[in-house]
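Visitor: Just dropping this structure here.
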Amino acid sequence: MLSVLIETRNDEEGLARTLGSLVGAAVEGVVREVIVCDCGSTDQTQQVAEHAGCSFLTAGGIAAGIRQAKSEWLLMLEPGARLGEGWIEPVASHVAKSSMAARFSRAKVDRTPFLSRVFSGNRALAEGLVITKRQANALSKSASSAEAVARGLASKRLDAEIRVAAPK
């Protein structure tokens with residue numbers, strides 16, 4: 001049902017946390033594959049990805065990961081982000097009924113006041129992104145990163161929470 005794409009650069013610990021939150025969905029068959037698009041890591045990121053059974057790409061960036069994805073729907077996450085309990089059903093319902101991109105709601109502990117978010121240069125992928133492969137492929141032609149694919153994209157808010165990755 002979903003191909004998960006995670007863009008990394010020296011993110012071994014964050015990647016491990018994110019992959020841990022996907023295990024239940026993989027067991028249920030919701031997550032079909034995880035593709036890690038690496039941007040020059042020098043730590044153990046590749047080993048973490050390979051031990052978890054992920055595809056690991058070192059060339060072509062996020063565009064290569066999108067092209068390689070087997071599912072018609074993609075879930076793009078930052079390394080370190082963790083999906084909250086109960087996220088599977090809202091995502092499955094969304095992909096069954098909609099073609100619009102969607103994002104998760106921030107967990108209560110990660111919520112900041114509106115004006116703080118507006119003026120802090122919020123990361124476009126902080127809340128994850130559920131998007132069709134077709135739309136992501138079109139956006140990736142002019143984008144150099146997963147963040148650029150997600151930036152400025154209109155999206156629906158899912159009734160599911162995400163623990164946001166710590167900023168680098």
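The values are calculated or read from the model by the stated rules, or taken from the named source; none is laboratory data. For clarity, every value in this text was computed on a predicted model and none was experimentally measured. Backbone-built Cβ (ideal geometry, glycine too); neighbour counts: all protein chains shown.
Visitor: Could you list, in sequence order, all residues of the range 18-43 that are surrounded by 16 or more Cβ atoms within 10 Å (Cβ to Cβ) and over 21 Å from A64 (Cα atoms)?
Guide: Hits for the range 18-43 are S21, L22, A25, A26, V30.
Visitor: When residues of the range 1-17 are filtered for being in a helix (DSSP H, G or I) and either surrounded by fewer than 23 Cβ atoms within 10 Å (Cβ to Cβ) or at positive phi (or both), how many remain?
Guide: Step one: list which residues in the range 1-17 are in a helix (DSSP H, G or I), which gives 12-17.
Checking the rest, the ones that are also either surrounded by fewer than 23 Cβ atoms within 10 Å (Cβ to Cβ) or at positive phi (or both) come to 12-14, 16-17.
Number satisfying all stated conditions: 5.
Visitor: Based on what the data block shows, is V48 farther than 14 Å from E78 by Cβ and buried (at least 20 other Cβ atoms within 10 Å of the Cβ)? First the steps, then the outcome.
Guide: Details: farther than 14 Å from E78 by Cβ: yes; buried (at least 20 other Cβ atoms within 10 Å of the Cβ): yes.
Yes, satisfied.
Visitor: Okay, moving on. Show me the helices (runs of 4 or more DSSP H) entirely contained within the range 84-168 in which 2 or more residues are more than 22 Å from E28 (Cβ to Cβ) and either out of contact with any Pro (no Cβ under 9 Å at 6 or more places or on another chain) or modelled with pLDDT of 90 or more (or both).
Guide: Details: elements: 88-97, 114-119, 133-140, 146-150.
Per the criteria, 114-119, 133-140, 146-150.
Visitor: Do any residues in the range 73-90 that are of a type in the set (K, R) have Cβ atoms under 6 Å from those of residues that are not in a loop (DSSP other than H, G, I, E, B), where the two are at least six apart or on different chains, and which pairs are they?
Guide: Partner pairs satisfying both residue conditions: R82/R17; R82/R163.
Visitor: Are any residues in the range 16-33 under 15 Å from I88 (Cβ atoms) and without any contact (Cβ under 8 Å) to a residue 60 or more places away in the chain, and if so, which ones?
Guide: Once the filter is applied, which keeps residues that are under 15 Å from I88 (Cβ atoms) and without any contact (Cβ under 8 Å) to a residue 60 or more places away in the chain, the range 16-33 yields V23, A26, V27, G29, V31, R32.
Visitor: Please enumerate the residues belonging to the range 25-67 that are assigned to a loop (DSSP other than H, G, I, E, B) and on the phi > 0 side of the Ramachandran plot.
Guide: Initial filter on the range 25-67 (assigned to a loop (DSSP other than H, G, I, E, B)): 28-30, 39-44, 52-54, 58-60.
Listed by number, the residues that qualify are G29, G40, G53, G60.
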